[in-house]
Amino acid sequence: MPGGRSSSGATVQPGAADPAARVTIAEIAREAGVSAPTVSKVLNGHEQVAPDTRARVEELLRRHNYLRRRARPKRTAGWIDLVIREVDSLWAGEVMQGVQSAAAEHGAEVVVTAAHGTTTDTGRWLDNVSTRGSDGIVLAVTDLTPPQREQVDALGIPMAVVDPVGSPDAGVPTVGATNWQGGLVATRHLLDLGHRRIGILRGLEDALCARARLDGYRAALEGAGIEVDPALQRPGDFYYTTGFSGMRDLLALPDPPTAVFACSDLMALGAYEAIRQAGLRVATDVSIVGFDDVPNAAWASPPLTTVSQPLREMAALAARIVLQGADAVLPGPTLRMELATHLVVRESAGTAPGGSNA
């Protein structure tokens, strides 16, 4: 009987078990006591696996008749896939331009999928990738389920993550920014202006970047001897509407904040509108600091003080990782890269009313 192929692309020797019951990468990983990405590295010939671990995985692969797929010819498709939560925002535009610029350097095109934050959309896209092939995958603010990650591993397609949402797998390169430092610097700027009652419009609860920015905000307040007040915190999703609603709620408090750190520029601009509708003025009555430094931040009225993160550079670096390989792009053995943030002072944050708000 001739050999066949499993759904993951592995060749099965004659006499192997029924393909429907064939062992998966996850099962091999559990039996070997390692992660699925480690098994994937062994299957794809990566060197970053300890010799004893490699030997243990190789033995299990032989025992289960799970052989390596034949290596994909490098650069056969001529494109990379970008999977992004939304495409209709300034943040997304910066990410797409970064990926496009890096792809153009290598003569590749970009296929964009808007996953809308759902694993269903991501799964549908993965089915398409399985059919058409791809030279690499860049994920931006979205997660894969373990089965979806196993499908990517089995395809042998390089992947990198921009601004990871949850905790990424150990074997996946990620490119982020110094979010904690950014939150710290933004809040310290408001403290330096005399503000003591400082609110925050948070980002997505499950996003690592949002949690880091919140932690930086807390660290700045605690460092100044100010108790962190949960009443001054409002949830958000990085977009205008939650910035507007969160700011409106904060202004309705009996003792509203005199300043607010918004964890994205879009939420900051939504807060602008809530302040305007309340008959107040940004900077004079309520100071605002954002995060991202999207292109229209400088054109807001007043121009927005914000923490600048290099979104285009982050996305371009992730694209280069999948096109050139992590070893060729990232320094040393690291698979984690954080690009520096910095404060851009404009006109949306003024001194606290009365010179202080102690």
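The values are calculated or read from the model by the stated rules, or taken from the named source; none is laboratory data. The model shown is predicted, which means the values in this text are computed figures rather than measured ones. Cβ atoms come from the backbone with ideal geometry, glycine included; neighbour counts cover every protein chain shown. Note: areas computed on protein heavy atoms with side chains; ligands, DNA, RNA excluded. Shrake-Rupley method; radii C 1.70, N 1.55, O 1.52, S 1.80 Å.
Note the direction-averaged projected area, equal to a quarter of the hull surface, for the Cα convex hull of the range 285-334, in nm².
Details: hull surface 18.7 nm².
Averaging across all directions leaves 4.7 nm² for the Cα convex hull.
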- Message: Modelling each spin label as a point 7 Å along the Cα-to-Cβ direction, I'd like the R54/V344 distance in nm, to one decimal.
- Response: 4.6 nm
- Task: Enter the per residue convex hull volume of the range 200-251, computed from alpha-carbon coordinates, in Å³ rounded to the nearest integer.
- Result: 69 Å³
- Task: Report the local net charge at L201: Lys and Arg +1, Asp and Glu -1, summed over other residues whose C-beta lies under 12 Å from its C-beta.
- Result: +1
- Here the net charge surrounding M247, from other residues whose Cβ is less than 11 Å away from its Cβ (Lys, Arg +1; Asp, Glu -1), is +1
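Set the Förster radius R0 to 56 Å, insert the Cβ-Cβ distance between Q97 and R63 as r into 1/(1 + (r/R0)^6), and round the FRET efficiency to 0.05.
Details: r = 48 Å, r/R0 = 0.86.
Computed FRET efficiency for Q97 and R63 comes out at 0.70.
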- Any idea how far the Cα center of the range 145-187 sits from the one of the range 282-340, in Å? 15 Å
- Once phi for every residue in the range 234-246 is put through the Karplus expression 6.51 cos²θ - 1.76 cosθ + 1.60 (θ = phi - 60°), the whole-Hz ³J(HN,Hα) values, with Gly and Pro written as x, are 10, x, x, 9, 6, 10, 3, 4, 6, x, 5, 5, x
- Note on the structure: With a 1.4 angstrom probe the carbon and sulfur portion of accessible area for the range 178-271, in percent, totals 54 percent
- Efficiency of FRET between W79 and S301 - r from beta-carbon atoms, R0 51 angstrom, step 0.05: 0.80
- Message: Could you report the range 192-332's accessible area per residue, 1.4 Å probe, as an integer in Å²?
- Response: 39 Å²
